[in-house]
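The values are calculated or read from the model by the stated rules, or taken from the named source; none is laboratory data. What you are looking at is a predicted structure, and each value in this text was computed from that prediction instead of being measured. All Cβ positions, even for glycine, are placed from backbone atoms using ideal geometry, and neighbour counts span all protein chains on display. Quick note on the areas: whole protein, heavy atoms, side chains included, nothing else; ligands and nucleic acids left out. Shrake-Rupley method; radii C 1.70, N 1.55, O 1.52, S 1.80 Å.
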Amino acid sequence: MKIRMFLFIFVFLCFPLKSFGGILNEYYKDVSYTFQEVKKNKKALTIFGSALGLSFLLDEKVRELVAKNQSKFLTDFTDFTNNFGEYKLLFPSIAFLGTTGYLTKNKKLAEASLTSLEAGFTAGLITVGIKVAIGRQRPYCSNDPFTFKPFDGTFDCMSFPSGHTTLAWSMITPFAVYYDKPILYLIPISVNIARIYKNKHWLSDTVMSAGLGFSIGYFFSKRHLTKKQKVVFNITPNSIMVGFRF
């Protein structure tokens, strides 16, 4: 279901504006640019790798600490912030923002929204692939953070990385970049907290997700801003399509 949703968003985002081959080529360039930029940032990769490794060592201790400090306020707070990582909320909401931006001739809002959708699709698809390949078990499926069952088919128990957290970081980051509002990062950070508090993920799951989602959202945004793309809508009697013209 989730994979079909991501594919739908991608087709909705890109299909009508050029030949399908041309769209795939531009999308490949976005992904390639992001990969190359991440590789070039060796210092950032070293810091992130160290933080991720440390988070694996802290997984059990953080889970125990959270379990001992439950409260009604934190439960209500995380019930609310957890929604910011729901694909059923994120994709329709940001598609609505993009449509609003177009109709009100707010180019920045329209472009930020479309970049967010593309980043969310990419991050979501990568997350599903990693989850299946690694098969790390969620905290409520195994008390051992080092239990891995690659390709075992039990998707509900697959924990690494966190889909909610990856989507939140990848889809909120473009707005933080386009509008130069770092305060927006508090939204995905709140999702990190919610997923750990709710015992849905280990700490290291959310650290990996933050790095993955931020990188995709950030570098997709940088490339799109540099290219100065034009947002285009194509309205027919049966559908509304939206995308970028390069």
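Residues in the stretch 38-89 that are part of a loop (DSSP other than H, G, I, E, B) and more than 25 Å from Asn143 (Cβ to Cβ): Asn41, Glu86. Thr147 passes every criterion in (1) open to solvent by 10 Å² or more (accessible area, probe 1.4 Å); (2) touching a residue at least 12 places away in the same chain (Cβ under 8 Å); (3) within 17 Å of Ser204 (Cβ to Cβ) apart from (2).
Checking Leu125 against (1) open to solvent by less than 30 Å² (accessible area, probe 1.4 Å); (2) touching a residue at least 24 places away in the same chain (Cβ under 8 Å), which test does it fail? Just one mismatch for Leu125, condition (1). Leu54 fulfils the conditions (1) modelled with pLDDT of 95 or more; (2) open to solvent by less than 70 Å² (accessible area, probe 1.4 Å) except for a single criterion, (2). When the residues of the stretch 100-109 are filtered to those that are assigned to a helix (DSSP H, G or I) and in contact with a Ser or Thr (Cβ under 8 Å, 6 or more places away or on another chain), the one that is nearest to Ile216 (Cα to Cα) is Leu109. Confirm whether Phe48 is out of contact with any Asp or Glu (no Cβ under 8 Å at 6 or more places or on another chain), modelled with pLDDT under 95, under 30 Å from Ile94 (Cα atoms) and open to solvent by 100 Å² or more (accessible area, probe 1.4 Å). Answer is no for this residue.
Pairs linking a residue in the stretch 39-61 that is closer than 14 Å to Gly211 by Cβ to a residue that is open to solvent by 60 Å² or more (accessible area, probe 1.4 Å) and in a helix (DSSP H, G or I), with Cβ atoms under 6 Å and 6 or more positions apart or on different chains, do not occur.
Can you say whether Leu97 is closer than 19 Å to Phe219 by Cα, open to solvent by 20 Å² or more (accessible area, probe 1.4 Å), among the aliphatic types (A, V, I, L, M) and part of a helix (DSSP H, G or I), as far as the supplied structure shows? No, not satisfied. Among the numbered conditions (1) open to solvent by 70 Å² or more (accessible area, probe 1.4 Å); (2) more than 17 Å from the chain's Cα centre (by Cα); (3) closer than 23 Å to Leu212 by Cβ, the only one that Phe80 does not meet is (3). Annotation note: of Leu167, Leu184, the sole residue that is modelled with pLDDT of 95 or more, in contact with an Asp or Glu (Cβ under 9 Å, 6 or more places away or on another chain) and not in a strand (DSSP E or B) is Leu167. Looking for something under 18 Å from the mean Cα position of the chain (by Cα), closer than 24 Å to Ser221 by Cα and either among the β-branched types (Val, Ile, Thr) or modelled with pLDDT of 95 or more (or both) - is there at least one such residue anywhere in the stretch 36-44? Within the stretch 36-44, one or more residues are under 18 Å from the mean Cα position of the chain (by Cα), closer than 24 Å to Ser221 by Cα and either among the β-branched types (Val, Ile, Thr) or modelled with pLDDT of 95 or more (or both). The residue that is modelled with the lowest pLDDT, counting only those in the stretch 138-164 that are assigned to a helix (DSSP H, G or I) and over 18 Å from Gly211 (Cα atoms), is Phe155. Screening Val191, Val132 for residues that are surrounded by 18 or more Cβ atoms within 10 Å (Cβ to Cβ) and in a helix (DSSP H, G or I) leaves exactly one candidate, Val191.
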